[in-house]
1. Could you list all residues from the stretch A:202-247 that are among the β-branched types (Val, Ile, Thr) and away from every other protein chain (no Cβ under 14 Å)?
2. So A:GLU240 passes all but one of these: (1) of a type in the set (D, E, K, R); (2) surrounded by fewer than 20 Cβ atoms within 10 Å (Cβ to Cβ); (3) outside any helix (DSSP H, G or I). Which condition number does it fail?
3. Quick check on the stretch A:87-95. Is at least one of its residues in a helix (DSSP H, G or I), within 14 Å of chain B (Cβ to nearest Cβ) and hydrophobic (A, V, I, L, M, F, W, C)?
4. Out of all the residues in the stretch B:84-136, which are of a type in the set (Lys, Arg) and part of a helix (DSSP H, G or I)?
5. Here is a list: A:SER13, A:SER73. Which entry is within 14 Å of chain B (Cβ to nearest Cβ), part of a helix (DSSP H, G or I), of a type in the set (S, T, N, Q) and within 30 Å of A:GLY173 (Cβ to Cβ)?
6. Under 6 Å between Cβ atoms, which residue pairs at least 6 apart in sequence (or on different chains) link something in the stretch B:156-181 that is under 24 Å from B:LEU304 (Cα atoms) and in contact (Cβ under 8 Å) with a residue 60 or more places away in the chain with a partner that is assigned to a helix (DSSP H, G or I) and not β-branched (Val, Ile, Thr)?
7. Kindly list the number of the only condition in (1) part of a helix (DSSP H, G or I); (2) in contact (Cβ under 8 Å) with a residue 40 or more places away in the chain; (3) surrounded by fewer than 18 Cβ atoms within 10 Å (Cβ to Cβ) that fails for B:THR204.
8. Condition first: among the aliphatic types (A, V, I, L, M) and not in a helix (DSSP H, G or I). Now tell me which residues in the stretch A:170-229 satisfy that.
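The values are calculated or read from the model by the stated rules, or taken from the named source; none is laboratory data. Since the model is a prediction, treat every value here as computed from it, not as a measurement. Please note: Cβ atoms are built from the backbone with ideal geometry, for glycine as well, and neighbour counts cover all protein chains shown.
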Amino acid sequence: MKKHKVTSLTNTSRLFYLFIAPWLIGFCVFTFFPMVFSLFTSFTSWNGLSVPEFIGFKNYVNILTKDTMFISSLLKTLYYVGVSVPLNIIFSIILALLLNKRLPGSNVFRSIFYLPTICSGVALYIAWLYLYNQNSGFINVLLSFIGIEGPGWLTNIDLAMPSIIFMGMFTIGTSMTIVLAGLQNVPHSYYEAADLDGAGAFYKFKNITFPMISPVIFFNLLMALIKGLQVFTQPYVMTEGGPANATYVYGLHLYKSAFLYSKFGYASALAWVLFIILIALSIAIFATSKFWVFYREDVN
Amino acid sequence: MKKLLSVFLSMAMIIGVVAGCKTSNNANSSSKSEKVNLTFGFWGDTKEADMKMALANAYMDKNPNVTIEFEYTDGAGYLTKMQTWFSSNTAPDVFGVPSDTLFQFLGNDKFEDLSSYINNDSMDKEWNMDTVNSVYSSDGKVYAAPFISKTFAIAYNKNLFDKAELAYPTNDWTEDDMLKAAKAITSGTGIDKVHGLRWGVRPTEFYRNLYGDAVYDTTTDKMNAANNKQFKHAVSLFSDTIKQGLAPNETSAAVSTGGFETGKFGMQLCATWDIATFQSMIGNSFNWDVVMLPMNTEFNTRMLTTYRGNGWSMSSSAKEKQVAWDFIKFMSANKESQKTAQSFGIPELVSYANSDEYKNDFAGGSEYNKQVFIDMLNYKTGFRNLGVYAQINDVIKSQYELLLADKTTVDAMATEVQKQGEALFATK
């Protein structure tokens with residue numbers, strides 16, 4: 001049979017590109033081109049007002065060799081991620097397991113656990129500011145009923161970051177819902193077979209439940225990592241990076257470099273460094289996934 | 001037919017996306033009857049924002065052909081907003097400018113030079129040109145027209161003073177008097193605690209130049225922290241009062257205790273823009289008044305207030321410049337407008353600011369010693385919150401917070417501030 005070289009798009013192809021055009025245009029205008037512009041400005045010195053001045057890799061060199069707040073803010077961010085992400089995963093699994101038991105009232109609790117996720121972030125953080133207030137906050141008032149003088153949750157250098165992490169635990173509704181969906185896709189026949197063999201709850205979780213929901217846990221882990229490394233709003237609203245830089249995360253350093261210190265080029269470089277770190281960590285997680293993430297088609 | 005429908009639907013989607021983009025304003029009206037659109041950028045808390053919108057609405061009532069679109073942001077985010085406007089060339093036609101950030105934009109061609117407008121309309125008869133020249137001008141170019149000035153004073157709760165059997169403070173009171181009063185008033189614990197003082201988030205701004213010897217010199221870009229007795233005293237004043245429980249620690253966290261209006265503070269470092277809140281929230285729950293910042297007997301000077309001039313600028317890319325200027329004049333040189341704004345700052349319209357009408361007008365709220373804020377203009381200091389100065393301010397703040405946590409001493413803090421500040425100035 002003769003092969004004909006394709007020299008033009010088929011009608012179907014043309015329609016395809018026509019239909020994805022709105023999204024493609026939006027992606028280019030609002031995501032791709034800004035990324036390219038950000039990459040360009042990362043090689044310039046630019047205060048946002050004058051014409052950017054090309055300075056090569058100087059911004060990146062300064063980040064890695066001179067900027068003490070780069071390391072400090074990165075470590076604070078990794079601390080936040082290192083504690084909040086595992087807690088996020090663990091508690092979302094626990095809550096999903098409980099909700100999966102389909103006891104009376106499960107639907108109500110599902111809504112209650114999901115509700116904080118749909119509340120406006122800033123409004124939620126301001127509400128928590130009132131809860132954490134040292135003198136009149138609800139938490140310390142409750143503690144005072146049992147004779148404990150509550151600390152300054154956000155004004156104590158050692159407690160500020162744990163307080164922000166603890167607050168984040170109330171917004172695990174999305175992760176919990178995704179795990180719950182994964183749990184509901186686990187075939188009951190596996191549990192029935194395990195019951196027949198006399199398997200206990202822990203055995204069933206370790207050998208059936210966890211492997212079966214490992215893809216959703218992998219997804220949650222990746223999403224939580226990306227979100228955690230970009231943390232900004234909570235410290236910005238609640239502590240402004242204090243006290244004494246205890247909550248001065250990378251996102252805040254990036255923001256201040258641009259909008260307070262008027263170093264837009266430097267801030268762009270910080271953004272790309274974060275992007276590279278994120279890519280590296282994501283690749284590492286993908287690399288480890290072959291040891292603990294099981295897809296049903298692979299098992300079959 | 002199906003194909004035609006598909007093509008039509010996809011074209012409709014594309015057109016919808018493109019139509020969402022802003023179209024250029026082709027208006028080039030020169031007469032009052034033609035429709036004019038102005039964009040108006042401003043900041044403020046709820047009450048101040050309401051005031052500014054009221055001014056704009058009043059202007060639109062008088063000029064029905066003018067439509068003003070608001071671009072509002074809260075005070076904390078306004079700086080970011082300005083940076084974004086200028087870097088993206090989207091500054092509103094008329095926008096507010098705080099005097100502490102204007103320095104960063106000097107030489108910027110995005111501001112319309114208002115000097116010809118001021119000269120043509122003889123605005124030197126309406127405004128204090130010393131203020132215009134010193135605060136809003138540089139190299140002969142006028143960047144903004146003055147609107148109101150904002151200073152700080154100490155508000156005091158008369159009921160709490162009576163309860164502690166203290167005489168009310170007078171303008172010749174001293175820092176020691178203030179601290180004694182704070183100690184006498186402070187009582188209780190937890191939710192029932194009454195603090196003698198409230199600094200709010202101001203220490204990190206005030207300690208930079210509380211008595212006249214600033215922690216850094218903005219004309220020479222030199223640090224002056226390590227051997228600066230006044231700076232160390234200022235830092236100690238704020239940190240000691242907080243550590244002793246006389247004032248709450250609100251340095252890092254956003255204000256969440258509720259302020260002077262709750263009746264739980266004997267005194268508060270308050271600004272002109274707090275007065276509207278006090279008048280509406282306090283009502284008859286307690287009596288209060290304001291007094292000048294106290295004298296420091298060691299340095300033989302009164303504590304200085306940070307000064308904020310609020311002006312109105314015109315974008316150089318505004319299409320209807322004359323209308324924009326007319327709107328600026330309406331806000332800054334119209335007696336009724338200045339009357340509306342007087343709960344938030346000292347009016348810049350000289351004839352009104354000097355009148356008995358202004359001094360006796362409390363906008364229907366409780367009376368207070370208005371002259372105090374005016375007199376504090378004689379004890380003002382500027383400050384800067386952008387660029388390398390913002391970096392140095394952050395260094396000082398983090399060291400101050402270490403001091404509050406007893407993780408450093410005042411001398412060590414000053415030395416570290418000197419060292420890091422010098423390194424930052426060297427990179428400028």
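1. Result: A:ILE208, A:THR209, A:ILE213, A:VAL216, A:ILE217, A:ILE226, A:VAL231.
2. Result: A:GLU240 passes all but (2).
3. Scanning the stretch A:87-95, I find no residue that is in a helix (DSSP H, G or I), within 14 Å of chain B (Cβ to nearest Cβ) and hydrophobic (A, V, I, L, M, F, W, C), so the answer is no.
4. B:LYS125
5. Unique residue meeting the criteria: A:SER73.
6. So the pair list comes out as B:TYR168/B:PHE161.
7. Result: B:THR204 passes all but (3).
8. Those that are among the aliphatic types (A, V, I, L, M) and not in a helix (DSSP H, G or I): A:ILE172, A:VAL186, A:ALA199.
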